[in-house]
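First the structure, in the form of structure tokens, and then the observations on it.
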Amino acid sequence: MKRITTFQQNIQNQFRSLDRGILYSAFLLMFCGIFLTLAAGPAVAERRHYAWDYFVQKQLLFMPVAFCTLIFTALLPGKQARHLSFLVLLGSIIGMIGVLVFGARFQGAARWISVAGVSVQPSEFVKPAFAVVCAWFLARGRLIQHSKNTLWAWGTYLIIVGLLLLQPDLGMTLTVSAIFGAELFLSGISKWLVGGLVGLGVAAVPTAYLCFSHARARIDAFLNPEGHNTYQVAKSMETLKNAGWFGKGPGEGIVKYELPDAHTDFILAVSAEEFGFLITSVIILTFCYIVWKGTKLVYSSNRYFVQLAVGGLITQIAVQAIINMGSTLKILPTKGMTLPFISYGGSSLISVALCFGLILALTKERTFSRGLE
């Protein structure tokens, strides 16, 4: 009985030490994601000749898994959270290799693999795990003299990017590169190296344009919409312009019947049409708050490893949100990037939950002296 009481007290203390702002923001986005899947899912399922509740049932099945993943990870001690990240990264890399060998190709890309009858996208889980593992390598490389861990960080990054380009998945490559770049910047690399990396990033755009036909098509459609298939973007923009302050009301929207990706890439357009500018702004401002609060946690932490890891994890959330919203608003070329916790997708949902859980786990205690732990 005493052991049970001690365990309960420990769990309560762990919950009290979690950052409430990040935690409640994650819950709010998950709540919004359920409602928007209920709004958009049946229409997309009907158009694809599935049962009307096909996407709703699957998302409701994944949601408890994501919730448990977030809470379980958040309650882990920092050291165990780091060990979990190493295991997830290793499993994800093996999965990405399996995708190239056994995965079915769709529209010229191989990104999914079937595990026990469930389709899994291993590259989704690479992002949060890589952010933590890379931060650990960079922290050790900076704080331990003559350490080769910085080379391990670069090697891990190059392996992941190589596997992503073989799929190919340029959006995921961009996200992983942004995570790595943010952590390198926070690690205090020289301004000359920063300039060199920025130059490589700029050069990567025309390289992708020349080497990947789907990237070339999307960039051409973005720069010169006439003569290209820009139906989804044009319809999304039309919907956003006519949404109004309060929208048409739940279930009253029509754009979900017209957009093939209304439940994923263009979920924000469905939100605007049915719930209006005010509710959609709540979603956007929640992401802004998460990025602001995460940045604040980075600079308030005394632990070098935590600064790098949380910086990378927050970058992942910010990049995904910016790409998804930017595509919907015609600010960026379209790229199949999910809106964290909002868009439909089991792999995305659980990987984002892991990302938030790692942020909460690593920022529970902020009073240690500056160092790896």
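What follows draws every value from the coordinates through simple rules; no lab data is involved. Predicted model, so just to flag it, every value in this text is computed and none were measured. Here Cβ is always computed from backbone atoms with ideal geometry, including for glycine, and neighbour counts include all displayed protein chains.
Values as computed for the structure displayed
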| read-out | value |
| --- | --- |
| Yes/no for TYR304 being over 12 Å from ASP265 (Cα atoms), free of Cβ contacts under 8 Å to residues at least 24 places away in the same chain and out of contact with any strand residue (DSSP E or B) (no Cβ under 7 Å at 6 or more places or on another chain) | no |
| Cβ pairs under 9 Å, 6+ apart, first in the stretch 324-338 and free of Cβ contacts under 8 Å to residues at least 60 places away in the same chain and closer than 14 Å to LEU240 by Cα, second in a loop (DSSP other than H, G, I, E, B) and not basic (Lys, Arg) | MET325/ILE331; MET325/LEU332; MET325/LEU339; GLY326/LEU332; GLY326/PRO333 |
| Residues of the stretch 142-179 satisfying the condition of being touching a Phe, Trp or Tyr at 6+ places or on another chain (Cβ under 8 Å) and closer than 17 Å to GLY95 by Cα | THR156, TYR157, ILE160, PRO168, VAL176 |
| Top-ranked residue of the stretch 169-191 - restricted to ones that are of a type outside the set (Gly, Ala, Ser) and more than 18 Å from the chain's Cα centre (by Cα), ranked as nearest to TYR299 (Cα to Cα) | LEU186 |
| Count - residues of the stretch 143-160 that are among the β-branched types (Val, Ile, Thr) and surrounded by fewer than 16 Cβ atoms within 10 Å (Cβ to Cβ) | 2 |
| Of all residues in the stretch 324-348 being within 18 Å of ILE279 (Cβ to Cβ) and not in a helix (DSSP H, G or I), the one that is nearest to the chain's Cα centre (by Cα) | PRO340 |
| The lone exception for ALA321 - which of (1) within 10 Å of the chain's Cα centre (by Cα); (2) in a loop (DSSP other than H, G, I, E, B) it fails | (2) |
